[in-house]
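Everything below concerns the one structure shown next.
Just so it is clear, none of the values below were taken in a lab; they were calculated from the coordinates. Keep in mind that this is a model prediction, so the values were computed, not measured. Note: ideal-geometry Cβ built from the backbone for every residue, glycine included; neighbour counts use all protein chains shown.
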Amino acid sequence: MRTLESNALLLIIGVSLQGQALRQQADRFGILVGGAVNPDKFSEAPYAAAFARELNMLEPENVMKFGLIHPAAGRYDFTAGDRIVDFAQKNGMKVRGHTLVWHSQVPSWVTNGNLSSDQLSAILHDHISTVVKHYAGQVFAWDVVNEAFSDSPPALRSTIWFDTPGIGLKGPGTQYIEQAFRWAREADSSALFFYNDYGAEVVNAKSNAIYAMAKDFKARAVPLDGIGLQMHLSLNANLARLGENIQRFTALGLQVHITEMDVAVPVNPDGTPVDPAALQKQAQIYHDVAAACLQYKGCSAIQTWGLTDKYSWIPGFSQGKNGLALPLDENYQPKPAYDGLVRAFESAPLPIQPLTGSFEVVSATLGTTLLAPDSLASVFGEGLADSTETGGVSLQVTDSSGVARVASLLYVSPRQINFLIPADTQPGLATFTLSGASALSGTGSIQTVAPSLFAANANGLGVAAGTAVRVALPTMIQSPVAVFQCGSAPGSCAAVPIDLGLDAPVYLTLFGTGIRGRSTLDAVHASIGGKPVPVLFAGAQPQFAGLDQVNVVIPLELRGSGNVDIQLELDGRVSNTVQIAVQ
Ligand code: 9MR
């Protein structure tokens with residue numbers, strides 16, 4: 001059992017996020033942060049180091065595309081893809097596969113082969129089947145179909161796979177896409193299969209068309225697991241309806257991955273930004289995209305199309321007009337865009353995960369089986385957010401008379417919630433119901449107990465029962481001192497002598513539970529060595545929720561009593577006894 005002391009420590013632990021790489025930030029949220037990679041660059045040490053340090057996911061920028069992985073009829077080349085898988089496995093990263101069905105990078109043996117629909121169908125089936133099977137268990141998610149919709153008005157793009165001549169499924173609508181997903185599922189029963197596109201990031205005509213397809217696929221159990229939002233953006237990106245778009249796809253039970261993010265910056269011939277504020281604007285866009293994703297549990301990956309400005313498709317594609325699109329600069333140094341991502345992670349509320357494992361309610365102070373009104377209790381399990389924020393979790397205690405009360409939560413960590421059992425909870429069996437991402441409940445037996453003083457537990461460990469404060473009249477108050485000292489060895493707690501030699505009373509501040517909210521000062525009595533002593537205060541310890549404090553005076557006539565028992569009494573119930581040494 002955790003002692004109050006360890007709970008107290010937990011209460012003050014703060015988590016410093018300074019200096020964490022993106023992947024550590026992402027791990028806190030259980031999401032993936034990835035980058036498109038070129039395995040030819042692994043030999044460049046800073047490249048490999050930056051990818052391994054920052055990311056927990058890799059996606060081949062090109063090497064798993066049809067033209068490279070299946071360059072001739074009946075010939076597959078997995079070498080480059082396998083190097084990515086190998087690098088990822090060595091560095092604890094996942095691999096996202098890209099892409100099985102796309103109109104671009106189709107090799108000439110397919111495009112110029114004068115192939116019939118039947119032949120194309122057989123080729124595509126074999127392609128999907130062979131590639132997905134090769135990477136089964138190594139590639140956790142695939143862009144099965146890429147960019148199948150044209151832009152405006154959104155319609156199925158005319159491609160070799162759809163209608164020129166197509167695989168024989170050009171109507172109605174998305175049937176050829178459906179077929180590709182079914183072939184993928186046939187090849188791997190556990191990978192996640194995505195539809196990936198650009199220009200469909202926010203709610204617009206194109207994303208509406210994709211949404212309609214996704215809804216139809218879900219309704220008919222076509223094996224579609226997610227939507228990739230590519231996120232090739234400019235500085236003018238309008239992201240106002242990004243969250244809404246992510247929301248509607250995740251509401252279908254689909255995952256959303258941000259798959260290819262970059263933000264192109266117009267550059268001068270010398271490579272500097274045309275707009276001096278461009279990198280800050282870019283940082284805000286990176287922030288806003290990550291923040292939108294982090295808002296939705298189903299948005300489970302944020303990936304950039306590359307990682308460093310040294311290698312990016314943007315300058316070539318724009319004939320040098322744009323560049324600087326990625327989070328690290330050409331020297332692998334973080335740019336404002338990188339800080340924008342970090343800022344999004346740092347300011348997003350952590351998701352509340354359901355507790356897994358046992359739901360065990362234990363008293364934090366009184367012993368494992370005894371739960372008392374107004375005392376501190378804990379729930380232990382796995383999976384709660386790594387946060388001292390209690391927002392999002394609530395705990396209700398329904399007592400034996402059926403009355404439900406909300407407990408005050410003092411602390412929520414990945415494995416522990418500390419809370420106060422509400423003061424009016426009636427004795428008997430109570431049900432504790434935790435609500436967060438999902439509801440969990442357990443039971444515990446509530447008993448009204450005598451006040452309890454903290455002392456060493458049976459192992460000699462624990463928290464001292466009190467501190468003594470000597471008041472030298474008329475005004476001087478000395479610093480409090482512990483009246484117990486407990487070592488780490490069993491039974492090593494000893495009372496620290498309290499010297500009553502001076503002509504001034506000693507106030508003893510006792511800590512425990514079972515007082516607050518259930519008594520008035522008059523109802524609390526204390527005795528030292530069997531003799532009643534004045535009680536000056538009994539109530540909540542103001543700085544520590546859940547802890548009670550009782551202040552008593554050690555009268556001067558107890559001088560020289562030696563080891564004596566101190567005990568509290570409330571409503572006829574007496575506390576445990578703790579020894580002090582009065583000299
Ligand atoms: O970044 C890729 C570039 O190196 C290739 O030449 C290009 C054409 O195959 O593809 C680029 O990646 C694209 C991705 O596969 C699909 N979405 C758009 C990406 C940028 O064009």
Give the peptides 241-250, 397-406, 182-191, 260-269 in descending order of average Cβ contacts within 10 Å, highest first. 260-269, 241-250, 182-191, 397-406
Computed on alpha carbon atoms, what radius of gyration and Dmax characterise region 233-312, expressed in Å? 14.3, 47
Can you spot the lysines whose alpha carbon is less than 28 Å from Lys206's alpha carbon? Ignore those fewer than 8 places along the same chain. Lys65, Lys170, Lys215, Lys218, Lys281, Lys297, Lys321
In the neighborhood of Glu244, defined by Cβ-to-Cβ distances under 14 Å, what is the net charge if each Lys or Arg adds +1 and each Asp or Glu adds -1? 0
Cβ-based net charge around Val265, under 14 Å, with every Lys or Arg adding one and every Asp or Glu removing one: -3
Under 5 Å between amide H atoms, partner at least 5 residues away or on a different chain: which partners does Gly306 have, H built in plane at 1.01 Å? Ala36
Residues meeting the amide H criterion for Leu410 (H placed from the backbone, H to H distance under 5 Å, 5 or more places apart or on another chain) are Asn418, Phe419, Leu420
Phi angles of region 529-536, converted by Karplus (6.51 cos²θ - 1.76 cosθ + 1.60, θ = phi - 60°) into ³J(HN,Hα) in whole Hz with x for Gly and Pro, give x, x, 9, x, 10, x, 9, 9
Over all alpha-carbon pairs of region 150-251, lay out the pair-distance distribution in 5 Å bins, whole %, shortest bin first. 2, 11, 21, 23, 21, 13, 7, 2, 0
Using Cα centres only, tell me the gap between region 278-292 and region 319-353 in whole Å. 7 Å
Show me 50-58, 151-159, 423-431 ranked by packing, highest mean number of other Cβ atoms within 10 Å first. 50-58, 423-431, 151-159
Provide the net charge surrounding Ser207, with neighbours chosen by a C-beta distance below 11 Å and charges set as Lys +1, Arg +1, Asp -1, Glu -1. 0
Under 1.5 on a/c is rounded, so check that first for region 88-222, then, if it is not, pick prolate when a/b is larger than b/c and oblate when it is not; a ≥ b ≥ c are the square roots of the alpha carbon gyration tensor eigenvalues. oblate
Can you give me the long-range amide H partners of Val578? Hydrogens built in the peptide plane at 1.01 Å from N, cutoff under 5 Å, separation of 5 or more residues or another chain. Ile566
